Amino acid sequence: MLVLTRRPGEKLTFPTLGITVHLLHSSARSAKVGVDAPPEVRILRDELAAGPHPATPPADRHTQANALSKLSLAIHLARKQWAAGRPAAADATLAAALATVETMDRERAAAAPALAAARCRALVVDDDPNQRELLAGLLDMNGCECATAADGEEALSYLSTHAHPDVVLLDMAMPRCDGPETLRRIRADGRLVGLRVFSVSGTRPDALSVPGVPGGFDGWFPKPLNPRRLWDAIQAATNSPTVTN
């Protein structure tokens, strides 16, 4: 359990949650406490708490918002307890709240390695082995786990026997099963609904008469390839973390 013993001017920091609590001033009947918090979460004085509620934070910020909410309520309660001449009760209220925040901070820190390990997954389909491996290697360095296929038939076989990737990068001119035919068969397969498919091709889409979105490609990237533009599109499509090379 966290026991709160702070002098004016001292602070408590929860780095993983981005929370810092400052003890600004204290007396026998009151205490002034400051809280640094992320901008998306508001902390209101109790007289304002009945006002309009902020929008519900995104799911990935739920733990942080929950911790801040508990801390905010505890500060409001502690202020009233100090004002009522109950400093021991106020200290206990803040100590319990900060212990909860500390627990959440530890849990979030423990989960961080697993979150960092999460990577987007791509299937690179190109009949040129050098180009295929170079693109896969570049994406891997940016934090994207890559599988490769030499043509459409090999790509379709992979998709039928493996977990679906986040995105398929598909060349157009390939033997056995070219890009347009591979796309047609992907879109006709009910098991692959929603799979993102980007064309990486030296041919223009109008020359191949491929459909646009929906039903066609989710993006078209001409050769010579602009790797930055492609990676930005993959990030936007899969919410991948940014990796600086």
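The values are calculated or read from the model by the stated rules, or taken from the named source; none is laboratory data. No experiment lies behind these values; they were computed from the predicted model shown. Remember, those area values only see protein heavy atoms, side chains included, never the ligands or the DNA or RNA. Shrake-Rupley method; radii C 1.70, N 1.55, O 1.52, S 1.80 Å.
Between residue 223 and 201, 202, 203, the built amide H atoms are under 5 Å apart, and every one of these is 5 or more places off in sequence or on another chain. Close amide H pairs (under 5 Å, H built 1.01 Å from N) link residue 120 with 145, residues at least 5 positions away or on another chain. Residues in region 138-144 carry Karplus couplings, in order, of 5, 5, 4, 5, 8, x, 10 Hz; the curve used is 6.51 cos²θ - 1.76 cosθ + 1.60 with θ = phi - 60°, and Gly or Pro positions show x.
Per residue, region 118-197 exposes 47 Å² of solvent-accessible protein surface, assessed with a 1.4 angstrom probe and all protein chains in place.
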